[in-house]
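Take a look at the structure below.
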Amino acid sequence: MGLVEGKKAIIFGVANEKSIAWAIAQALHKEGAKLAFTYAGEVLESRVRPLAEGIGSQLIIPCDVTRDEDIDSLFDKVNGAWGGVDILIHSIAFAKKEELKGRFVDTSREGFNLAMDISAYSLIALAKRAYPIMAGRKGSIVTMTYYGSEKVIPNYNVMGVAKAALEANVRYLSSDLGQDGIRVNAISAGPIRTLSAMGISGFREMLNHVETKSPLKRNVTAEDVARTALYLSSDLSSGITGEIIYVDAGYNIIGM
Ligand code: NAP
């Protein structure tokens, strides 16, 4: 029997086969979970649908997390099909390209609000709809963060502030939803070459730096992250909530 046999999971954030969310989806699928996928636009549907159908998923639903009506409709459809949900994977972030280079002090109001809305508020918006249909099922919500929330990383800029808010969301949501038996945790992943990551100016240097300086002397893979997401989604982590778990080859522990 798989670690998440028969559990129902909604996966947010598959853009292509390099997405961290796709590695997580495959790990959950291998361990027996049933999956629903979301995509943010028509172009994305053409990339997400073949991947999702390839592992037998029937629920592939549009959802732009800036639109409450999309989120409501998604949860109606998922609940209609499954009558509840056990696992929610939030692997979504966005900032305009021009905000991910240059000086942080030049962050625009619009760029700040957009990054916060998509990358941080969306976790609350999804949890709000998920908890009534997760209650009593030992639900697990997992989101993705990065070390730039705590320390200054060149060019990460407004996304660092959004990730700090996201990590605080994890603590407040876990405190709120614990009474329903729902756990909320984040994975703080080291840099991984994905579509969004390549939008960060100087991303290759980040990869080189981690490879040289981290205890494991390598970068992490989406599969490293996926195994931890599987653990956080399963009963193996039944006593863990409100935590930020590092999957970063140990980089965060190094001072000098
Ligand atoms: P990715 O493949 O580009 O995934 C990002 C996803 O966010 C895409 O599916 C994207 O869809 C989605 N998204 C953006 N705006 C959205 C919206 N309004 N509504 C719904 N979905 C939206 O990149 P990734 O690296 O796997 O990122 C996944 C998560 O991991 C992010 O939270 C990221 O910050 C985090 N993370 C990544 C790294 C890394 O180095 N890669 C490290 C630590 C943490 P569209 O393509 O349609 O915009």
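The residue of the range 183-199 that is surrounded by the most Cβ atoms within 10 Å (Cβ to Cβ), among those that are β-branched (Val, Ile, Thr) and more than 6 Å from the ligand (Cβ to nearest atom), is VAL184. Across the range 33-86, the number of residues qualifying as of a type in the set (Gly, Ala, Ser) and either within 14 Å of the ligand (Cβ to nearest atom) or closer than 23 Å to ALA120 by Cα (or both) comes to 6.
Selection of first residues in the range 50-75 that are over 14 Å from VAL14 (Cα atoms) and of a type in the set (Gly, Ala, Ser) and of second residues that are assigned to a loop (DSSP other than H, G, I, E, B) and at pLDDT 95 or above, restricted to Cβ pairs under 9 Å at least 6 apart or on distinct chains, gives the following pairs, ordered by first then second residue: SER73/CYS63. Beta carbons closer than 6 Å, at least 6 apart along the sequence or on distinct chains, never pair a first residue in the range 202-227 that is on the phi > 0 side of the Ramachandran plot with a second that is assigned to a loop (DSSP other than H, G, I, E, B) and of a type in the set (Lys, Arg). You will find that of VAL158, VAL142, the residue that is within 17 Å of PHE12 (Cβ to Cβ), open to solvent by less than 10 Å² (accessible area, probe 1.4 Å) and not polar (S, T, N, Q) is VAL142 and no other. Looking at LYS163, LYS128, which one is open to solvent by 10 Å² or more (accessible area, probe 1.4 Å), touching a Phe, Trp or Tyr at 6+ places or on another chain (Cβ under 6 Å) and either within 13 Å of the ligand (Cβ to nearest atom) or assigned to a helix (DSSP H, G or I) (or both)? Result of the check over LYS163, LYS128: LYS163. Out of the residues in the range 1-50 meeting the condition of being among the hydroxyl-bearing types (Ser, Thr, Tyr) and touching a Cys at 6+ places or on another chain (Cβ under 8 Å), tell me which one is farthest from GLY80 (Cα to Cα). Selected residue: TYR39. In the range 1-85, counting only strands (runs of 3 or more DSSP E) that sit wholly within it, the ones holding 1 or more residues that are open to solvent by 50 Å² or more (accessible area, probe 1.4 Å) span 34-39, 59-62. Here the condition is being among the hydroxyl-bearing types (Ser, Thr, Tyr) and either in a helix (DSSP H, G or I) or farther than 28 Å from GLU17 by Cβ (or both); of SER174, SER188, SER201, it holds for SER174 alone. Could you list, in sequence order, all residues of the range 145-158 that are in contact with a helix residue (DSSP H, G or I) (Cβ under 6 Å, 6 or more places away or on another chain) and within 22 Å of VAL247 (Cβ to Cβ)? Listed by number, the residues that qualify are THR145, TYR146, TYR147, GLY148, SER149, ASN155, TYR156. Only residues that are in contact (Cβ under 8 Å) with a residue 12 or more places away in the chain and part of a loop (DSSP other than H, G, I, E, B) were counted in the range 131-151, giving 7. From the list VAL184, VAL225, the lone residue that is of a type outside the set (S, T, N, Q), within 15 Å of ASN252 (Cβ to Cβ) and touching a strand residue (DSSP E or B) at 6+ places or on another chain (Cβ under 6 Å) is VAL225.
When ALA95, ALA21 are checked against the criterion of being within 16 Å of the ligand (Cβ to nearest atom), touching a residue at least 60 places away in the same chain (Cβ under 8 Å), over 22 Å from GLY136 (Cβ atoms) and more than 14 Å from the chain's Cα centre (by Cα), a single residue qualifies: ALA95.
If the condition is being open to solvent by less than 30 Å² (accessible area, probe 1.4 Å), of a type outside the set (A, V, I, L, M, F, W, C) and part of a helix (DSSP H, G or I), then the range 210-227 contributes only ASP224.
The values are calculated or read from the model by the stated rules, or taken from the named source; none is laboratory data. Model, not experiment: these values are computed from the prediction. Note that each Cβ is placed from the backbone with ideal geometry, even for glycine, and that neighbours are counted across all protein chains shown. Ligands, DNA and RNA are excluded from the accessible area calculation, which covers all protein heavy atoms including side chains. Shrake-Rupley method; radii C 1.70, N 1.55, O 1.52, S 1.80 Å.
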